[in-house]
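See structure below.
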Amino acid sequence: MKKTILLLTFLLLLAGTSMPISAQEDSKIVQLKELSNTVKQNHAPDRRSRLFEVTFKANAAEEGVVYVVKGVTTEVDAKEALLAAAANEGITLVDSVKLLPDSALGDKIFGITSLGTTFVRSSPSHSAEMDTQTLMGMPLRILEKRGTWARVVTPEGYISWMHIGAELMTKEEVAEWNKADKVVITTHYTLFRAQPEPSAAVVREGVWGCIAKADGEEGDYFKVRLPDGKSAYVPKTDAQKFEEWLNQRDPNAQNLIATGKQFVGFPYMWGGTSTKGVDCSGFVKSCFYLNGVIIPRDASQQVRAGEEVDISNIVENLQPADLVFFGSKAKDDAPERITHVGMYIGNGRFIHSNGTWASVTIESLLPDQPDYTKTAESLIRVKRYIHLIDKDKDIVSISKHPWYT
């Protein structure tokens, strides 16, 4: 009993002597977090394209309290700015921030999507919000791995987490993939089978835009090698030789709108960029991708690209294939907010993946039309893209994108 009382007394005394230090630690940690937020705003304000994720910890040492910063970043300037800002406040930080790509990956910092569609999430968890999708054959950059999850960068520069779903490769292996003959899926949905017959076992599913390595032909089927090395067959009616398909891409207004109309009735799905389902910006992105062009992923990113169009007279000023953006205008106490995007198709009408109706629909921006939508009331921006392909750094044809060549 006496031993217990003595132990409790010792622990209480110890706790009492550490309280002032804890209060001091808390004050410094708060200060470091404020510095970190400033650095993040300056160097990596959008986690979709630049990472700066850090935490702070106070450790007791003989010389006093030592502050450690841990985390990851893609921006070496951000890391150096934080250390300098802390030093300027008289705080020496022990640097444990990992610069991405993680050196533990070795030379396998590239990847090719191996599943028909892969769900890419905001954090390494199946319950996390779905950010986007990648399609089979889509090239990736790998930033880090955590268990069976990999943080990846998509061709449009979008950073998020993928569960398996990609083959990690070296630069040389990716170059070999890019040089190889390939086929691309040209129908809404197909199945890769183990044998060149309709009743054969399924190896993988595929959607419009998936790419696989060509490995010969057998009758009415292309023989292919999937990114994970599996051999399979796909009907020639569902696919085309990739180079031939790419050379035929003509991303003019007529073709973009025709592609968009092939999505009418397909479901709205948050994070979707495929015929399995599309959100508003994923729909627009898919229309351009299937016409051979890579554009930004999200509406708030898409609105930063292209040429501004005057919206004072919709019928006179807008042209088919212009992107129409909806949201709220900037106010004194709030910045502009983009919440939706669609594609103008002419005569005051636009096509969009509509969360209200849970599908891709065509509606009018003009109040006197029977298919008028109240969404039109929040139209705030229009951007023109097609004349800036390969002239705007965010609107790049697949044939000129460095990851595909």
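So, Pro335, is that one over 21 Å from Lys374 (Cα atoms), exposed (fewer than 15 other Cβ atoms within 10 Å of the Cβ) and either out of contact with any Ser or Thr (no Cβ under 6 Å at 6 or more places or on another chain) or not assigned by TED's automatic domain parsing to the domain that holds Ala214 (or both) or not? For Pro335, the condition - over 21 Å from Lys374 (Cα atoms), exposed (fewer than 15 other Cβ atoms within 10 Å of the Cβ) and either out of contact with any Ser or Thr (no Cβ under 6 Å at 6 or more places or on another chain) or not assigned by TED's automatic domain parsing to the domain that holds Ala214 (or both) - is met.
Identification of strands (runs of 3 or more DSSP E) wholly contained in the range 74-150 with 2 or more residues that are assigned by TED's automatic domain parsing to the domain that holds Ser27 yields 93-99. The test for being among the small types (Gly, Ala, Ser) and not assigned by TED's automatic domain parsing to the domain that holds Ile351 holds for Ala212. Number of residues in the range 29-46 that are loosely packed, with under 15 Cβ neighbours inside 10 Å, modelled with pLDDT of 95 or more and either touching a strand residue (DSSP E or B) at 6+ places or on another chain (Cβ under 8 Å) or farther than 24 Å from Pro101 by Cα (or both): the value is 2. Each residue in the range 258-281 was checked for being crowded, with 18+ Cβ neighbours inside 10 Å and in a helix (DSSP H, G or I), and 4 pass.
Summed over the range 349-372, the residues that are of a type outside the set (Asp, Glu) and free of Cβ contacts under 8 Å to residues at least 12 places away in the same chain give a count of 3. Quick check on Arg225: is it buried (at least 20 other Cβ atoms within 10 Å of the Cβ), over 20 Å from Phe350 (Cβ atoms) and not aromatic (Phe, Trp, Tyr)? The answer is no for Arg225. I'm trying to understand the selection: among the residues of the range 245-290, which are touching a Ser or Thr at 6+ places or on another chain (Cβ under 9 Å) and among the aromatic types (Phe, Trp, Tyr)? Within the range 245-290, Trp245, Phe263, Phe266, Tyr268, Phe283, Phe288, Tyr289 meet the criteria. Screening the range 292-308 for residues that are within 13 Å of the chain's Cα centre (by Cα) and not in a helix (DSSP H, G or I) and picking the one that is nearest to Cys210 (Cα to Cα) gives Ile294.
In the range 358-381, the qualifying residues are those that are of a type in the set (A, V, I, L, M, F, W, C) and within 20 Å of Thr259 (Cα to Cα), and the one that is surrounded by the most Cβ atoms within 10 Å (Cβ to Cβ) is Val360. The condition of being among the hydrophobic types (A, V, I, L, M, F, W, C) and either more than 17 Å from Thr275 (Cβ to Cβ) or without any contact (Cβ under 8 Å) to a residue 24 or more places away in the chain (or both) holds for only one of Val207, Val184, Val203, that being Val203. Is it the case that the range 282-291 has a residue that's part of a loop (DSSP other than H, G, I, E, B), of a type in the set (Gly, Ala, Ser) and in the same structural domain as Ala330 (by TED's automatic domain parsing)? Looking through the range 282-291, none of the residues is part of a loop (DSSP other than H, G, I, E, B), of a type in the set (Gly, Ala, Ser) and in the same structural domain as Ala330 (by TED's automatic domain parsing).
Counting the residues of the range 287-315 that are among the hydrophobic types (A, V, I, L, M, F, W, C) and within 24 Å of Val183 (Cα to Cα) gives 6. Just one of (1) touching a Leu at 6+ places or on another chain (Cβ under 7 Å); (2) in the same structural domain as Val203 (by TED's automatic domain parsing) fails for Glu307. It is (2).
The values are calculated or read from the model by the stated rules, or taken from the named source; none is laboratory data. It should be emphasised that the depicted structure is a prediction, and the values quoted were computed from it without experimental measurement. Note that each Cβ is placed from the backbone with ideal geometry, even for glycine, and that neighbours are counted across all protein chains shown.
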